[in-house]
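J.: Structure provided below as structure tokens; questions to follow.
The values are calculated or read from the model by the stated rules, or taken from the named source; none is laboratory data. Computed from a prediction, not measured in an experiment: that's the story for all the values here. Every residue, glycine among them, receives a Cβ derived from its backbone with ideal geometry; neighbour counts consider all protein chains shown. To get the accessible areas, we keep the full protein, side chains included, count just its heavy atoms, and leave off ligands, DNA and RNA. Shrake-Rupley method; radii C 1.70, N 1.55, O 1.52, S 1.80 Å.
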Amino acid sequence: MKSIRVKLIVLLLTFALVPLIITNWKSISENREILKEEIQKELIHVARLKQSALEAHLNMIAHSARSLAAVTSVISFLEQPYPEIGDNRDYNSAYDVILQFQEKHWGIFHHIFIADPRGNVVLSPGHNNSTKSHLNQNVSSSPFFKPALSNPQVTDFFGFAETDHYHQLYLQPVKNNAGETLGVIVFEVKIDYVNHILNDGFDLGTSGRLFLSTLNKQPVVEKKADYKDALTQPGLRTALDRGRAFSEFKNDKGVEMVGVYLKSQKYPWIIGVEISQDDVYKPLEGQMSQFLIVLLIAGIVIGIAGFILGNSFTRPIKEMVEKAKEIARGQIDVHIDYESNDELGELAQSLNEMVDHLKSLISSLTQNTDRLNKAAGELVQVSTQMSDSSQNLNEKANNVASATEEMSVTMETVSMVAQNATTNISTVAGSSENITQNVSQIADNAQKAQTVTHHAVDEIKGASQLVQALNSSVLEINQVSEVISEIAEQTKLLALNATIEAARAGESGKGFAVVANEVKELARQTNESTEQITNRIAAIQSSTRETIEKFERVHNVITEVNKIVSEITDAVAAQSYSTQDINHNIVSAADGMNEMSSNIRESANVSKMIASDIIKVHQVSDEVIRNSEMVHNCARDLSEISDGLRQVASVFKTGYHKN
């Protein structure tokens with residue numbers, strides 16, 4: 001019951017304290033945001049005040065520079081073609097003016113000097129009559145000098161580096177009445193004084209600080225020894241892009257800081273104001289302490305209430321648990337004395353009803369156990385008798401199965417022999433059928449061969465006649481060729497006579513002589529062509545004679561073949577009739593063997609079915625024996641179970657013997 005009490009207390013604490021924690025945490029978060037907005041406004045206000053102070057300082061310098069640039073002696077000195085130092089009255093007057101202003105404001109400024117348009121320093125008073133100055137130096141290499149010839153220029157805080165310190169420069173052009181630039185007055189602004197203005201009157205606790213940064217994120221310091229690496233605050237980059245930034249970050253020492261960064265719209269710097277988050281959110285520590293105290297008090301009060309409330313639940317539950325343990329030990333003659341209208345009262349009443357029902361159930365179990373034990377004894381006797389009968393049936397079934405198996409084997413042997421004989425006769429019948437078909441095919445082919453040979457004899461006769469005709473035509477062509485040859489010989493004689501007559505005619509017969517020569521040449525070519533034709537005709541005649549002789553020999557051979565094919569055709573026709581008779585007899589024998597084999601197979605199948613049925617009877621008898629054994633075992637198990645139930649029931653004390 002202790003665990004229920006603890007769970008109840010934890011549940012109450014959870015439902016009561018979680019909303020309180022959420023509410024206070026939300027309040028602290030809202031206060032944190034309020035403090036964040038307030039510190040942001042305060043830091044921006046400080047940055048703007050310091051921005052205004054620094055801009056006012058540079059405005060004062062600008063005013064002083066314009067005043068000095070308008071001094072008559074300064075203008076007169078620079079108007080000289082080659083300003084000289086010494087007894088020059090304008091030089092001395094300008095020197096005194098610059099020296100007095102420099103000494104009066106020493107500490108705000110450092111040196112104040114004048115350079116001509118070429119960047120040569122022509123006037124530079126020393127401090128306290130010191131000879132140390134910038135006289136005769138050249139400042140034209142500065143990127144700010146050339147623009148300063150037209151308009152005033154303000155450099156960053158590293159505009160002019162000396163041996164061990166830096167200066168910010170303010171450059172003011174000196175112009176005459178015509179607007180021509182005569183030179184430049186240069187103010188060396190002390191950085192320490194700028195930092196003095198920045199930190200004067202500033203108080204943001206021990207962690208707060210103000211600083212200046214160049215647009216390149218370099219810290220503004222006067223001494224070179226104080227110069228460090230570039231600043232890494234993330235807000236500086238945002239301020240360069242947007243003009244202002246607020247940032248929460250960790251510095252290089254791991255301290256969480258809050259910072260505001262404000263970029264000047266007129267001069268080349270960024271003012272940074274930073275303070276640690278511990279100082280900003282310090283007021284929240286008191287609120288957190290109060291919250292923890294309230295949380296502790298609320299937890300104590302809720303814990304006490306939960307303890308009291310838990311006891312009211314655990315007392316009746318503990319009593320019910322004790323009664324349940326007695327029932328578990330077998331003592332069911334118990335009663336829970338707790339009455340109430342709540343759920344615990346209903347639980348107690350239900351437990352009492354369960355005990356009453358359990359008493360009745362155990363009493364009934366004892367009676368049924370006795371009946372079960374008696375039935376189990378009878379079942380054992382029945383199963384023993386059934387097992388003996390099944391054993392006798394099994395032995396007889398074994399004898400019948402053995403005899404049937406032997407008969408089945410014998411029938412199968414006879415069936416196999418008949419099947420082999422049937423197969424052999426079928427094979428012979430198939431071979432005979434193939435022979436019959438082959439003989440028929442041979443007869444058909446012999447008939448076709450006889451037809452072909454007859455046709456070949458006719459074709460040979462026709463071809464021989466064509467060759468005879470060709471020989472006759474060749475003889476006629478030979479006669480024509482002889483006639484052409486004779487004509488060519490006569491033409492040659494005529495051409496020779498024409499040539500002789502043309503020679504007699506002299507010059508007038510030259511053309512006729514040319515024609516006669518051409519005719520003679522044609523006659524010669526004709527004679528040669530005729531000889532070639534004659535030779536070819538002779539070759540054709542020789543080939544034709546040989547062809548006729550070969551046709552005659554082929555005709556004789558084909559005639560002999562035709563005679564032999566006719567004899568083969570007659571013999572094959574006679575053989576075909578004999579083969580058909582043999583095939584018919586073999587097919588009849590095969591059909592008889594098939595019928596006998598089928599009857600034997602059917603008898604073998606019947607014997608197999610009888611053997612199979614006997615085997616099933618044997619299997620059924622075996623199954624009956626096994627079932628009898630199982631029934632016998634189950635009866636024995638039931639007897640043991642009934643004994644066990646009787647022992648279990650005897651453990652419970654129902655109290656029914658009490659009156």
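J.: In the stretch 214-228, which residues are assigned to a loop (DSSP other than H, G, I, E, B) and either modelled with pLDDT under 85 or β-branched (Val, Ile, Thr) (or both)?
T.: Step one: of the stretch 214-228, the residues assigned to a loop (DSSP other than H, G, I, E, B) are 214-218, 220-222, 227-228.
Across the stretch 214-228, the qualifying residues are THR214, VAL220, VAL221, GLU222, TYR227, LYS228.
Residue-wise test of (1) charged (D, E, K, R); (2) open to solvent by 50 Å² or more (accessible area, probe 1.4 Å); (3) at pLDDT below 75; (4) closer than 30 Å to GLU482 by Cβ.
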| position | (1), (2), (3), (4) |
| --- | --- |
| ARG504 | yes, yes, no, no |
| LYS510 | yes, yes, yes, no |
| GLU518 | yes, yes, no, yes |
| GLU528 | yes, yes, no, yes |
| GLN532 | no, yes, no, yes |
| SER542 | no, no, no, yes |
| GLU546 | yes, yes, no, yes |
| ILE558 | no, no, yes, no |
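J.: Considering only residues that are surrounded by fewer than 18 Cβ atoms within 10 Å (Cβ to Cβ) and farther than 19 Å from ALA47 by Cα, which ones fall in the stretch 217-231?
T.: LYS223, LYS224, ALA225, ASP226, TYR227, LYS228, ASP229, ALA230
J.: Please find, within the stretch 152-184, the residue that is surrounded by the fewest Cβ atoms within 10 Å (Cβ to Cβ) out of those that are hydroxyl-bearing (Ser, Thr, Tyr) and over 16 Å from LEU68 (Cβ atoms).
T.: Start the filter on the stretch 152-184 by keeping residues that are hydroxyl-bearing (Ser, Thr, Tyr), which leaves 155, 163, 166, 170, 181.
The next check asks that each one be over 16 Å from LEU68 (Cβ atoms); those that pass are 155, 163, 166.
On the way: THR155: 21, THR163: 5, TYR166: 21.
Selected residue: THR163.
J.: Return yes or no: is THR453 under 30 Å from HIS632 (Cβ atoms), modelled with pLDDT of 70 or more and among the hydroxyl-bearing types (Ser, Thr, Tyr)? Give the steps one after another, and end with the answer.
T.: On the way: under 30 Å from HIS632 (Cβ atoms): no; modelled with pLDDT of 70 or more: yes; among the hydroxyl-bearing types (Ser, Thr, Tyr): yes.
Considered against the rule, which asks whether it is under 30 Å from HIS632 (Cβ atoms), modelled with pLDDT of 70 or more and among the hydroxyl-bearing types (Ser, Thr, Tyr), THR453 comes out as no.
J.: Quick one: what pairs do we get from the stretch 95-120, first residue on the phi > 0 side of the Ramachandran plot, second surrounded by fewer than 16 Cβ atoms within 10 Å (Cβ to Cβ), C-beta under 6 Å, 6+ apart or different chains?
T.: Going by the 6 Å Cβ cut-off, the qualifying pairs are GLY119/ASN138; GLY119/SER140.
J.: Related question: What residue, of PHE211, PHE246, PHE202, PHE187, is in a strand (DSSP E or B) and open to solvent by 40 Å² or more (accessible area, probe 1.4 Å)?
T.: Working: PHE211 fails: open to solvent by 40 Å² or more (accessible area, probe 1.4 Å); PHE202 fails: in a strand (DSSP E or B); PHE187 fails: open to solvent by 40 Å² or more (accessible area, probe 1.4 Å).
After ruling out the rest, the residue left standing is PHE246.
J.: If you take the residues in the stretch 435-450 that are surrounded by 16 or more Cβ atoms within 10 Å (Cβ to Cβ) and within 15 Å of ASN562 (Cβ to Cβ), which one is modelled with the highest pLDDT?
T.: GLN447
J.: For the stretch 272-323, name all the residues that are modelled with pLDDT of 75 or more, outside any helix (DSSP H, G or I) and not hydroxyl-bearing (Ser, Thr, Tyr).
T.: Passing the criteria: GLY272, VAL273, GLU274, ILE275.
J.: Looking only at residues that are touching a residue at least 40 places away in the same chain (Cβ under 8 Å) and surrounded by fewer than 19 Cβ atoms within 10 Å (Cβ to Cβ) in the stretch 69-80, which one is farthest from PRO117 (Cα to Cα)? Please lay out each step first, then the result.
T.: First, pick out the residues of the stretch 69-80 that are touching a residue at least 40 places away in the same chain (Cβ under 8 Å): 69, 74-75, 77-79.
Still in the list and also surrounded by fewer than 19 Cβ atoms within 10 Å (Cβ to Cβ): 75, 79.
Numbers: ILE75: 13, GLU79: 11 Å.
Going through the qualifying residues, I end up with ILE75.
J.: Something else about it: State whether one or more residues within the stretch 137-158 are of a type outside the set (Val, Ile, Thr), touching a His at 6+ places or on another chain (Cβ under 9 Å) and without any contact (Cβ under 8 Å) to a residue 60 or more places away in the chain. I'd like the intermediate steps shown before the answer.
T.: Residues of the stretch 137-158 that are of a type outside the set (Val, Ile, Thr), as a first pass: 137-138, 140-153, 156-158.
From what's left, touching a His at 6+ places or on another chain (Cβ under 9 Å): 157-158.
Restricting the remaining residues to those that are without any contact (Cβ under 8 Å) to a residue 60 or more places away in the chain gives none.
Within the stretch 137-158 (the criterion being of a type outside the set (Val, Ile, Thr), touching a His at 6+ places or on another chain (Cβ under 9 Å) and without any contact (Cβ under 8 Å) to a residue 60 or more places away in the chain), the answer is no, since none of the residues qualifies.
J.: Of the conditions (1) part of a helix (DSSP H, G or I); (2) of a type outside the set (S, T, N, Q); (3) at pLDDT below 90; (4) surrounded by 20 or more Cβ atoms within 10 Å (Cβ to Cβ), ILE98 fails just one. Which one is it?
T.: Going through (1) part of a helix (DSSP H, G or I); (2) of a type outside the set (S, T, N, Q); (3) at pLDDT below 90; (4) surrounded by 20 or more Cβ atoms within 10 Å (Cβ to Cβ) one by one, ILE98 breaks only (3).
J.: If you don't mind, there's one more thing I want to ask. Give me the residue from the stretch 44-64 that is out of contact with any strand residue (DSSP E or B) (no Cβ under 7 Å at 6 or more places or on another chain) and among the polar types (S, T, N, Q) and, out of that set, least open to solvent (accessible area, probe 1.4 Å).
T.: Per the stated criteria, the residue is SER64.
J.: Among what's in the stretch 132-151 and is crowded, with 18+ Cβ neighbours inside 10 Å and part of a loop (DSSP other than H, G, I, E, B), pick the residue that is farthest from the chain's Cα centre (by Cα).
T.: Filtering the stretch 132-151 down to residues crowded, with 18+ Cβ neighbours inside 10 Å leaves 134, 139, 142, 144-145, 148-149.
Narrowing the set further to residues that are part of a loop (DSSP other than H, G, I, E, B) leaves 134, 139, 142, 144, 149.
Working: HIS134: 73, VAL139: 66, SER142: 61, PHE144: 60, LEU149: 67 Å.
Ranking the candidates gives HIS134 first.
J.: On the given criteria, is GLU482 under 30 Å from TYR577 (Cβ atoms), among the acidic types (Asp, Glu) and in contact (Cβ under 8 Å) with a residue 40 or more places away in the chain?
T.: Details: under 30 Å from TYR577 (Cβ atoms): no; among the acidic types (Asp, Glu): yes; in contact (Cβ under 8 Å) with a residue 40 or more places away in the chain: yes.
So GLU482 does not fit the description; no.
J.: Looking at the stretch 536-543, can you tell me whether even one residue there is touching a residue at least 40 places away in the same chain (Cβ under 8 Å), within 30 Å of LEU466 (Cα to Cα) and among the basic types (Lys, Arg)?
T.: no
J.: Another question, if that's okay. Does any residue in the stretch 220-232 that is closer than 13 Å to PHE158 by Cα come within less than 7 Å, Cβ to Cβ, of a residue that is surrounded by 12 or more Cβ atoms within 10 Å (Cβ to Cβ) and of a type in the set (Gly, Ala, Ser) six or more places away or on a different chain, and which pairs are these?
T.: If the second residue must be surrounded by 12 or more Cβ atoms within 10 Å (Cβ to Cβ) and of a type in the set (Gly, Ala, Ser), the pairs left are VAL220/SER213.
J.: When residues of the stretch 644-659 are filtered for being at pLDDT 65 or above and open to solvent by 60 Å² or more (accessible area, probe 1.4 Å), how many remain?
T.: The qualifying residues number 4.
J.: Can GLU256 be described as modelled with pLDDT of 80 or more, surrounded by fewer than 17 Cβ atoms within 10 Å (Cβ to Cβ), in contact with a Lys or Arg (Cβ under 8 Å, 6 or more places away or on another chain) and within 17 Å of ILE39 (Cα to Cα)?
T.: Details: modelled with pLDDT of 80 or more: yes; surrounded by fewer than 17 Cβ atoms within 10 Å (Cβ to Cβ): yes; in contact with a Lys or Arg (Cβ under 8 Å, 6 or more places away or on another chain): yes; within 17 Å of ILE39 (Cα to Cα): yes.
Here the answer is yes, as GLU256 does meet what is asked.
J.: Continuing with this model, one more query. Checking the condition within 27 Å of GLU629 (Cβ to Cβ), open to solvent by 50 Å² or more (accessible area, probe 1.4 Å) and at pLDDT below 70, which residue from LYS396, LYS374 passes?
T.: Numbers: LYS374 fails: at pLDDT below 70.
None of the others qualify; the one that does is LYS396.
J.: Give the residue, chosen from ASP333, ASP388, that is modelled with pLDDT of 70 or more, touching a helix residue (DSSP H, G or I) at 6+ places or on another chain (Cβ under 8 Å) and not small (Gly, Ala, Ser). Let's see the steps before the verdict.
T.: On the way: ASP388 fails: touching a helix residue (DSSP H, G or I) at 6+ places or on another chain (Cβ under 8 Å).
After applying the criteria, what remains is ASP333.
J.: Exactly one condition in (1) surrounded by 13 or more Cβ atoms within 10 Å (Cβ to Cβ); (2) farther than 30 Å from THR453 by Cα is false for VAL483; which is it?
T.: (1)
J.: Here's a follow-up. I need the full set of residues from the stretch 152-184 which are at pLDDT below 90 and in a loop (DSSP other than H, G, I, E, B), in order please.
T.: THR155, ASP156, PHE157, PHE158, GLY159, GLU162, THR163, ASP164
J.: If you scan the stretch 237-250, which residues turn out to be closer than 22 Å to GLU37 by Cβ and touching a strand residue (DSSP E or B) at 6+ places or on another chain (Cβ under 8 Å)?
T.: Filtering the stretch 237-250 for residues closer than 22 Å to GLU37 by Cβ gives 238-239, 242-250.
Hits for the stretch 237-250 are THR238, ALA239, GLY243, ARG244, ALA245, PHE246, SER247, GLU248, PHE249, LYS250.
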